[in-house]
Amino acid sequence: MMNFLPSVFLGVALFLGVVFGAQTEAWSWGPALLALSGALLASGLLKNDWRRGRFLPIALISAIGYIILRAGFSPVLDAARSDAMLALALLGCAWVVSSSGEEQGHLKSIYLVLSLTALANIFVALVQVAHPEFLWPYESKPASAPTGFFGHYNYFSNFVGGVGLLCLARALFGPDARVFKLLYAATFLGALILIPVSGSRGGSLAFGVGAFVLVASAGVLSWRKKSRGAVVFLLALPIMVLAVVFGGWLVMGKALDSRGQAMDARSFSAMADNGRLEWIKLATKVAKSDPMVGGGSRAFSWRRNHAWQLEELGRGVENESFVHNELAQTVTDYGLVGAVLVLAAVGGMLWKSLLQLFLGLGEPERLGGHDAIASGVLAAGSFMLLQSNVSFVFHLLPSTMVLGVVFGLAMLLPAAKPEASTRSRFLPAGLMFVLAASLGWFGLRATMTLVSVWPVLYASDPGNRGDSSVSMIQLEKAAKWWPGYRVQEEIARLCRMSSSNPNVSVGERNAWNSRAVEAYQEASAAHPFHPGLQVNLGNALSDLGSAPEAESALAKAIELQGGLEGGFRARLCLAQHLYQTWQRRWQEDRRAGEALHEFLRARELLDESDVQSQWAYEDSKMLRKSLDAVIDFLEGAQVTPVAPSSD
């Protein structure tokens, strides 16, 4: 029974990670990390075999250790905490899986929990095909495609595709009973059907490559075993290559058609839509500022602002925090040192699997299990890593956990030259408890935060959210568990929404705006590089009538946003603030010359904003019309613009 405890806890962690943690908000990962901490503690009951090779675990631990160390020196707590949690989760999953050694019961249960978790998600996605409105447990998601518990098709496809390929390899080569092989085959079939249905072009093409790698692995195994299937495989190889290319073309055409795009000779350039090529260009420019160690966790999200040059990259619209290419993201955030360490771990994982396929290492009675692991690691690893070149799938917990499982499975493969030591711990027991304690600590704080924010942010019934004062109490509880800018940003957003309620009095409106200012100031202190926080702070100050402070905040936002006026609209907001402030002063104090000076300044800001924005927003058109009218009136009255005196 003890042999199954780690896999049971791991299964719970995977399920909770998919149900609650399939998003980038790190507090949603809390329940899964708590369960993973339990899996680690249970894995301490199992022995580990050092004879399986030390390079891969050392390479993985080195990469994870460097990422956590570099995150500790990152300037934004929320970003550093999120990356550290993901890194610890990956290492934790690898540890739990690799702790099984030769315990086949534990290993079989690992595949079983993977399959059941993926099938549960596939089942929900199938329900959504017929009933797109079905959502659980969250109230909404950003994409309408059938993606199960996931909010986006890329995250969905990476998870179910990775698990599906692992399971198919186990079904083909593993020493399992027929009923389990049928279950694993069903997992792969569900992924095969639903990944294209979800509309994920990158996922569909990468899944085709992963399936091809699995077929190629079968060919290698046939060759190694001197089977007649090797000849059949060699003859069929060109046909399979053409099938993958043609199938990918059909899937891409269907996906483009569903998005209203034409399929022509330039269609493959559409794979770089949503600015993917622009983001990679940006990442290259950002990485040059700190090429060796990077700018720290999620540094791309703010350093890209100043790297965006209008004449080179055009008008920026997307306020995207990620590169959509995990290797490029690693270079920008953790430098060449981090990228080399990550590539060394990935290379070790793939190399060890290739050795198993070609050499057939290990005891003969366990050869089928080892071959299933090696082929599954190569297929699933190729698929997941390839898709990570077009999406930030490893900045969410579920795919990160599956990647950790893939690493753990690779560690189970026999080494070409076994070490002298026969039985030992995979890592010192003390390190295992530190890892479990770290995951438990993060998991507890994240879970308590999720419980606190749930009625405010995620309740399926809006009536359960309560009034603003009750929601404020919940968010303030969350802020104690989750220091940083994100909860403060939600507090400020709630205050601003409450202040816009037409039924509140002037005093209540000012009180809500004052609390919003406090929250935005705290959030800005925790994330001093975020232009959006300064924009919102300036707008709240403007509504309070604190003109100099509002102008200072909006000027700071213009500085922080760099070339991304289209993403943050700081110039537009400052122009709007100047117009409203001096319209009031002109009417109340008759300061016509000063008002004209500031109106002209506002129009100049509006001109700059429209030049840098992808399109003219309605508020920009209305503001320009109002500015033109008042400027024409004052200039027609022979008013001379005068710089405002200090108030």
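The values are calculated or read from the model by the stated rules, or taken from the named source; none is laboratory data. What you see is a predicted model; the values in this text were computed from it and never measured. Quick reminder, even Gly has a Cβ in these numbers, built from the backbone with ideal geometry, and neighbours come from all protein chains shown. Note: areas computed on protein heavy atoms with side chains; ligands, DNA, RNA excluded. Shrake-Rupley method; radii C 1.70, N 1.55, O 1.52, S 1.80 Å.
Charge tally for Lys625 (other residues, Cβ to Cβ under 12 Å; Lys, Arg +1; Asp, Glu -1): -1. Electrostatic bookkeeping for Asn513 treats Lys and Arg as +1 and Asp and Glu as -1; over the other residues with beta carbon under 14 Å from its beta carbon, the sum is 0. Checking every one of the chymotrypsin sites (Phe, Trp or Tyr not before Pro) in the range 546-635 against DSSP loop status and a limit of 13 other Cβ atoms within 10 Å picks out Trp615. Expressed in units of 2.2 N^0.38 Å, where N is the residue count, the Cα radius of gyration of the range 490-600 is 1.10. The equivalent ellipsoid that matches the C-alpha gyration tensor of the range 570-647 spans semi-axes of 22, 13, 10 angstrom, in descending order. Counting only lysines at least 8 places from Lys281 when in the same chain, those with an alpha carbon closer than 27 Å to its own are Lys556. When a/c reaches 1.5 or more, the comparison of a/b and b/c decides; with that in mind, is the range 294-416 rounded, prolate or oblate per its Cα gyration tensor? Note, shape of the range 294-416 comes out prolate.
For the range 305-344, GluC sites (Glu not before Pro) are listed when DSSP marks them as loop and at most 15 other Cβ atoms sit within 10 Å of their Cβ; the list is Glu318. Helix content alone sets the calculated 222 nm mean residue ellipticity of the chain: runs of n ≥ 4 DSSP H residues at -39500 (n - 2.57) each, divided across all residues, give -24000 deg cm²/dmol.
All other residues whose Cβ lies under 13 angstrom from that of Lys285 are scored, Lys and Arg at +1 and Asp and Glu at -1, for a net of +1.
Ordered by solvent-accessible area of protein heavy atoms (1.4 Å probe), largest first, the residues Arg591, Arg170 come out as Arg591, Arg170.
The orientation-averaged shadow of the Cα convex hull for the chain, equal to a quarter of the hull surface, comes to 32.1 nm².
Extension gain, Glu608-Ala177: 0.36 nm per intervening residue step, less the Cα-Cα distance, totals 148.3 nm.
Average projection, convex hull of the Cα set of the range 553-610: 3.7 square nanometres.
Expressed as a whole percentage, what fraction of the accessible surface of the chain belongs to carbon and sulfur atoms when a 1.4 Å probe is rolled over the protein heavy atoms? Ligands and nucleic acids excluded, carbon and sulfur reach 64 percent. Considering the range 120-168, its Cα convex hull presents a mean projected area of 3.2 nm².
The residues of the range 55-180 present an accessible area of 34 Å² per residue when probed at 1.4 Å with all protein chains retained.
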